[in-house]
Each structure stands twice: as structure tokens, then as C-alpha cells.
Amino acid sequence: MSGSFCMGSTLKQKNQYRIRESRAFCEGVAHRTSGTAIAKPVTDNPHPAGSSASIAWIDGWDIADGKAGSAVDPIQAPCCAVPVTLVPV
């Protein structure tokens, strides 16, 4: 939903709703949906290791990776422009 924040379950439990993390979460979803897990690995995370943005990016990547072979459900990433294409296996 436009104007909403999301950043995965890890940060949601800590109530860290910030634009940077929400954007990183969506970047993680987009990165994984753009190719196979081998071509677009979680190790491509551009954020500093251990940072809240890094955690959010990994949570986004994990959501998309869990949908390999199907499409990401917009309910799982309500703040992102989720592609309707299948996540490559």
C-alpha cells in the first residue's frame, strides 16, 4: 500500500519502521525476483553487514526466495511494487 512501511519480520518485532529499512526491504525483494538464487545471491547485499538496512534487505530477499517458482504475494511485501512474474528457481 502506498505510504506504508514494511521491512520483514525481524525489524517489525523491534518496531523499527524507517524509510531506509523499508526501501532496503523492497530492494531485497526486487533483487531476488530479478534472477535465480545463484545469479542473484543474498551475498549481493549492498548494505553494511549487521546494519538495520542490511537485515531488512535480507528479509526482503528471503521473502522472494521463499516464493521461488511462484509469484511473491503482495501481502508479504505491502510497501513494495511487487512484480507479478514468477520468481526464478
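Any read-out appearing in this document is the output of simple, stated calculations on the displayed coordinates, not a laboratory observation. This one's a predicted model, so the numbers in the text were calculated from it and none came from an experiment. Reconstructed Cβ throughout: ideal geometry from the backbone, glycine too, with neighbour counts over all protein chains shown.
Here are some notes:
- Length released on extending from A37 to R18, taking residue separation times 0.36 nm less the Cα-Cα span: 4.1 nm
- Electrostatic dipole magnitude of region 8-76 [Cβ: Lys, Arg +1; Asp, Glu -1; Cα centre; debye, to 20]: 180
- Region 21-36 - phi-based ³J(HN,Hα) in whole Hz, Karplus 6.51/-1.76/1.60, Gly and Pro as x: 6, 5, 5, 4, 4, 5, 5, x, 4, 4, 4, 5, 6, 8, x, 5
- Packing rank of 26-33, 62-69, 80-87, where each peptide gets the mean count of other beta carbons within 10 Å, highest leading: 26-33, 62-69, 80-87
- 5 angstrom amide H check on V87, placed H, neighbours 5+ away: G69, S70, A71, V72
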